[in-house]
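The next block holds one structure in the form of structure tokens; read it before the comments.
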Amino acid sequence: MTGLLVAGIGFRRGTDADEIAALIERALAALGADRSSLTAVATAADRAAEPAIRAATARFGLSPQPVAAAALQARDAEIVTRSARIEQLRGVGSLAEATALAGAGPQSRLALPRITSAGATCALAVRCDTTRDT
């Protein structure tokens, strides 16, 4: 499963890099996946330059992948968990799930629904390459 997973991250301002990185690690462990499985960390485009997400993704040798609002909303029907607050703010039920799916591409599917920490959420999507046998 090397390089097939995309982590989608939502986070509150003030959440530190340690918390975000630990949540990504927890998500990978929940799937029994290791760090080499992680190909990208996606977040809302307006948050991708935040120092905490940049520092957290750097621990995995990655940079945050920004996802535009329209791309998030295009994947909303596939989201399995819903937050009324995020739905009102972002127009999607789960920022973590929407960014994971959008970041992983059009044929992706959710591998791990949203998990939470005090200030962040994380979901994992798997890239599905229809041109290759799995």
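So Gly61 ticks every box in (1) over 14 Å from the mean Cα position of the chain (by Cα); (2) surrounded by 13 or more Cβ atoms within 10 Å (Cβ to Cβ) but one. Which box is left unticked?
Result: Gly61 passes all but (2).
May I ask you to verify whether Ala33 is in a loop (DSSP other than H, G, I, E, B) and at pLDDT 95 or above?
On the way: in a loop (DSSP other than H, G, I, E, B): yes; at pLDDT 95 or above: yes.
The answer is yes for Ala33.
I'd like to verify a number: residues in region 110-134 that are surrounded by fewer than 22 Cβ atoms within 10 Å (Cβ to Cβ), in contact with a helix residue (DSSP H, G or I) (Cβ under 9 Å, 6 or more places away or on another chain) and either at pLDDT below 95 or hydroxyl-bearing (Ser, Thr, Tyr) (or both), how many?
4
For region 82-107, name all the residues that are of a type in the set (Val, Ile, Thr) and either in contact with a Cys (Cβ under 7 Å, 6 or more places away or on another chain) or open to solvent by 20 Å² or more (accessible area, probe 1.4 Å) (or both).
Within region 82-107, Ile86 is the sole residue that qualifies.
With (1) of a type in the set (Val, Ile, Thr); (2) within 18 Å of Ile115 (Cβ to Cβ); (3) in contact (Cβ under 8 Å) with a residue 40 or more places away in the chain as the list, and Thr39 as the residue in question, which single condition is left unmet?
(2)
Given the structure, is Glu97 touching a residue at least 12 places away in the same chain (Cβ under 8 Å), of a type in the set (Asp, Glu) and closer than 16 Å to Cys122 by Cα? Spell out how you get there, then give the answer.
Values: touching a residue at least 12 places away in the same chain (Cβ under 8 Å): yes; of a type in the set (Asp, Glu): yes; closer than 16 Å to Cys122 by Cα: yes.
Spelling it out, Glu97 is indeed touching a residue at least 12 places away in the same chain (Cβ under 8 Å), of a type in the set (Asp, Glu) and closer than 16 Å to Cys122 by Cα.
Scanning region 1-49 for residues that are charged (D, E, K, R) and within 15 Å of the chain's Cα centre (by Cα), which turns out least open to solvent (accessible area, probe 1.4 Å)? Step through it out loud before you land on a result.
Initially, region 1-49 is screened for residues charged (D, E, K, R), giving 12-13, 16, 18-19, 25-26, 34-35, 46-47.
Then drop every residue that is not within 15 Å of the chain's Cα centre (by Cα), which leaves 12, 19, 25-26, 35, 46-47.
Details: Arg12: 124, Glu19: 50, Glu25: 68, Arg26: 120, Arg35: 114, Asp46: 96, Arg47: 24 Å².
Top of the filtered list is Arg47.
When you scan region 70-89, how many residues do you find that are part of a helix (DSSP H, G or I) and free of Cβ contacts under 8 Å to residues at least 60 places away in the same chain?
The qualifying residues number 13.
Does at least one position in region 65-74 carry a residue that is in contact with a helix residue (DSSP H, G or I) (Cβ under 6 Å, 6 or more places away or on another chain), closer than 26 Å to Ala17 by Cβ, open to solvent by 50 Å² or more (accessible area, probe 1.4 Å) and hydrophobic (A, V, I, L, M, F, W, C)?
Looking only at region 65-74, we keep the residues that are in contact with a helix residue (DSSP H, G or I) (Cβ under 6 Å, 6 or more places away or on another chain), and these are 65-68, 71-72.
Okay, now just the ones that are also closer than 26 Å to Ala17 by Cβ, so 65-68, 71-72.
Now restrict to residues that are open to solvent by 50 Å² or more (accessible area, probe 1.4 Å): 65-66, 68.
Filter again for hydrophobic (A, V, I, L, M, F, W, C), leaving 68.
Yes - at least one qualifying residue is present in region 65-74.
The values are calculated or read from the model by the stated rules, or taken from the named source; none is laboratory data. Owing to the predicted nature of the structure, the values given are computational and were not obtained by experimental measurement. Quick reminder, even Gly has a Cβ in these numbers, built from the backbone with ideal geometry, and neighbours come from all protein chains shown. Accessible surface areas use protein heavy atoms only, side chains included; no ligands, DNA or RNA. Shrake-Rupley method; radii C 1.70, N 1.55, O 1.52, S 1.80 Å.
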